[in-house]
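Trainee: Below is one structure. I have some questions about it.
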Amino acid sequence: MIAFYIFAAAVFFILIWFLVTYNYLVTLRNRVREAWSQIDVQLKRRSSLIPNLVEVVKGYAKHEKSVFEEVTKARTALMDAKKPGEKAVANDMLTGALKSLFAVAEAYPNLKASENFKELQAEVSDTENKVAASRQFYNTNVLDLNNSLQTIPSMWVGSMFGFKNEEFFKASESEKADIKVKF
Amino acid sequence: MATVNTAWDQRSSNIFKTWVIMFFFTLFTIVVAYVLALGFGPADGGFGGVGIVGIALIIAGVMNIVSYYYSDKIVLGISGAKELKHNTNKEIYHLVENLCIASGLPTPKIYIIDDSATNAFATGRDPKHSAIALTSGIIDKLHKAELEAVIAHELSHIGNRDTLLMAVVAVLVGSIALLADFYLRSLWFKDSDSDSKGNAIFLILAIVAAVLAPLVATLIQLAVSRRREFLADSSGVLLTRYPKGLEDALLKISADKEPLEVANRGTAHLYIINPLKGQQAVGWFAGLFNTHPPIPARIKALQEMEGLSTEASA
């Protein structure tokens with residue numbers, strides 16, 4: 001009889017542990033999703049600044065067509081990218097394109113002096129920081145989830161219910177190559 | 001053997017140590033309350049020992065819960081504190097906002113204290129009702145990376161719920177202090193004839209407990225406060241990923257000898273370093289009475305995160 005009680009108690013505790021662990025994993029996964037949507041918000045915000053910026057620069061520097069094209073292409077690539085790795089690559093490309101846009105702007109004193117341009121430039125650089133910040137938050141949450149999915153005992157619950165490791169927001173070498181081919 | 005004590009390691013170790021301290025503190029409070037409850041004797045007409053313990057807990061609880069609930073209003077009471085809005089200082093606002101995005105916290109209210117001393121603090125009952133205050137001195141004297149490190153430290157206090165923890169600690173310290181005080185006062189009215197010899201030993205024990213317990217409780221409170229500073233340092237570095245920034249900031253702030261006029265003993269533990277400069281004690285024993293760990297110990301912990309110093313500490 002005592003053995004039965006011990007057995008019943010053990011089953012009970014394992015069940016409770018199961019529930020708690022499952023709920024914890026779901027919470028972690030939701031946090032990752034929420035953090036991902038925050039990156040998306042910032043990336044959209046970034047993309048939406050680009051047309052304005054290009055217009056303003058065009059007003060002063062019509063002949064720098066190649067730079068505008070590069071920026072526009074990078075923007076489109078960013079908006080089309082779906083997976084974290086792809087987005088990270090596209091985001092890096094846009095950063096590079098914007099760098100050359102601002103470098104070009106250096107040669108036009110009137111453009112540099114324009115209030116509108118200054119404001120947009122400040123906005124773009126702040127948005128860049130915000131993307132970096134939200135990416136850091138996302139990656140921390142991914143680390144939390146992946147840690148739980150790779151350590152004993154929570155990995156057992158994870159694999160039983162099909163939890164998957166999430167992808168870091170990071171530009172890997174192979175993906176960089178993939179995207180470059182498209183241009 | 002070069003073992004790097006990373007920011008992650010230090011963060012977990014500081015959280016663990018806080019729990020250990022809190023466990024023993026709770027145990028200590030229970031023992032003291034028990035001894036003094038026996039000292040008051042059973043309830044004969046009056047409240048009795050247990051009743052008095054209850055009263056002390058309620059008084060300390062209500063006082064601290066009120067101050068905890070309105071903790072973000074402290075800054076409003078500081079003369080010369082002005083709220084910083086997005087359009088008044090975009091640079092500072094964006095610095096705070098971006099660190100909040102990185103830590104997943106809502107952006108707190110930001111206040112500027114018009115004082116040339118270099119300091120900063122954070123408060124608030126939860127992340128949604130939090131406030132962070134910077135002196136105009138710290139904004140002028142620190143570089144961006146240093147200021148970012150300081151703000152990350154303050155936001156970590158918010159994220160780690162330090163206001164809540166310190167409020168809980170204050171309830172325990174307050175109850176012990178009240179109980180001890182009640183007990184020592186009650187001795188004046190005790191009938192000395194009724195005490196037998198066996199009780200005399202207990203009487204001495206209870207008096208010693210009543211005299212020493214408030215002091216011990218205060219020391220534990222300060223130990224918790226120092227532990228949370230180390231924790232905020234390591235959590236802050238996890239946000240900025242740049243220990244050197246905080247090192248430089250701490251050196252600069254501590255080299256600046258100007259005390260912050262608006263700070264007092266009640267709010268000292270909130271600041272990034274002790275604002276009551278000149279009163280900071282040195283040495284092991286005197287160190288027990290500090291709200292903040294000594295700057296060299298904090299710098300050393302930060303250097304360990306960079307892998308520069310390999311001796312284990314903190």
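Trainee: Whether any residue in region B:142-154 is within 14 Å of the chain's Cα centre (by Cα) and surrounded by 21 or more Cβ atoms within 10 Å (Cβ to Cβ) is what I want to check.
Mentor: Yes, region B:142-154 contains at least one residue that is within 14 Å of the chain's Cα centre (by Cα) and surrounded by 21 or more Cβ atoms within 10 Å (Cβ to Cβ).
Trainee: Are any residues in region B:73-93 assigned to a helix (DSSP H, G or I) and either buried (at least 19 other Cβ atoms within 10 Å of the Cβ) or hydrophobic (A, V, I, L, M, F, W, C) (or both), and if so, which ones?
Mentor: Matches in region B:73-93: B:74, B:75, B:76, B:92.
Table: residues versus (1) in a loop (DSSP other than H, G, I, E, B); (2) modelled with pLDDT of 90 or more; (3) loosely packed, with under 14 Cβ neighbours inside 10 Å.
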position	(1), (2), (3)
A:32	no, yes, no
A:38	no, no, no
A:63	yes, no, yes
A:68	no, no, no
A:104	no, no, no
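Trainee: Right, here's the next one. Taking the options B:76, B:36, name whichever one is under 30 Å from residue B:212 (Cβ atoms) and more than 14 Å from chain A (Cβ to nearest Cβ).
Mentor: B:36
Trainee: Please verify whether residue A:181 is part of a helix (DSSP H, G or I), at pLDDT below 85 and either away from chain B (no Cβ under 14 Å) or surrounded by 13 or more Cβ atoms within 10 Å (Cβ to Cβ) (or both), treating the condition exactly as stated.
Mentor: Considered against the rule, which asks whether it is part of a helix (DSSP H, G or I), at pLDDT below 85 and either away from chain B (no Cβ under 14 Å) or surrounded by 13 or more Cβ atoms within 10 Å (Cβ to Cβ) (or both), residue A:181 comes out as yes.
Trainee: Evaluate region B:45-64: report whether one residue or more is at pLDDT 90 or above, buried (at least 16 other Cβ atoms within 10 Å of the Cβ) and either touching a Gly at 6+ places or on another chain (Cβ under 8 Å) or within 14 Å of chain A (Cβ to nearest Cβ) (or both).
Mentor: Looking through region B:45-64, none of the residues is at pLDDT 90 or above, buried (at least 16 other Cβ atoms within 10 Å of the Cβ) and either touching a Gly at 6+ places or on another chain (Cβ under 8 Å) or within 14 Å of chain A (Cβ to nearest Cβ) (or both).
Trainee: Among all residue pairs at least 6 apart or on different chains, which show Cβ distances below 7 Å where the first residue, located in region A:32-60, is away from every other protein chain (no Cβ under 14 Å) and within 14 Å of residue A:123 (Cβ to Cβ) and the second is charged (D, E, K, R) and crowded, with 18+ Cβ neighbours inside 10 Å?
Mentor: Note: pairs meeting the criteria are A:47/A:75; A:50/A:75.
Trainee: Can you tell me which residue within region B:235-248, out of those that are closer than 14 Å to residue B:301 by Cβ and away from every other protein chain (no Cβ under 14 Å), is surrounded by the fewest Cβ atoms within 10 Å (Cβ to Cβ)?
Mentor: Within region B:235-248, the match that is surrounded by the fewest Cβ atoms within 10 Å (Cβ to Cβ) is B:244.
Trainee: Inside region B:103-118, can you point out the residues that are more than 14 Å from chain A (Cβ to nearest Cβ) and free of Cβ contacts under 8 Å to residues at least 60 places away in the same chain?
Mentor: B:108, B:109, B:110, B:111, B:112, B:114
Trainee: All but one of (1) within 13 Å of chain B (Cβ to nearest Cβ); (2) surrounded by fewer than 13 Cβ atoms within 10 Å (Cβ to Cβ) hold for residue A:26, so report the exception by its number.
Mentor: Status for residue A:26: all satisfied but (1).
Trainee: Further, regarding this structure: Considering only region B:87-107, I want to know if a residue exists there that is among the hydrophobic types (A, V, I, L, M, F, W, C) and touching a strand residue (DSSP E or B) at 6+ places or on another chain (Cβ under 7 Å). Give the derivation first.
Mentor: Going through region B:87-107, the residues among the hydrophobic types (A, V, I, L, M, F, W, C) turn out to be B:92, B:95-96, B:99-102, B:105.
Within this subset, residues satisfying the condition of being touching a strand residue (DSSP E or B) at 6+ places or on another chain (Cβ under 7 Å) are B:92, B:96.
Checked region B:87-107: at least one residue is among the hydrophobic types (A, V, I, L, M, F, W, C) and touching a strand residue (DSSP E or B) at 6+ places or on another chain (Cβ under 7 Å).
Trainee: Another question about this same structure. Among the residues that make up region A:86-96, is at least one of them away from every other protein chain (no Cβ under 14 Å), over 11 Å from residue A:53 (Cβ atoms) and out of contact with any helix residue (DSSP H, G or I) (no Cβ under 9 Å at 6 or more places or on another chain)?
Mentor: Among the residues of region A:86-96, not one is away from every other protein chain (no Cβ under 14 Å), over 11 Å from residue A:53 (Cβ atoms) and out of contact with any helix residue (DSSP H, G or I) (no Cβ under 9 Å at 6 or more places or on another chain), which makes the answer no.
The values are calculated or read from the model by the stated rules, or taken from the named source; none is laboratory data. Here the structure is a predicted model, which is why all the values come from computation and not from measurement. Every residue, glycine as well, gets a Cβ built from its backbone with ideal geometry; the counts of neighbours run over all protein chains shown.
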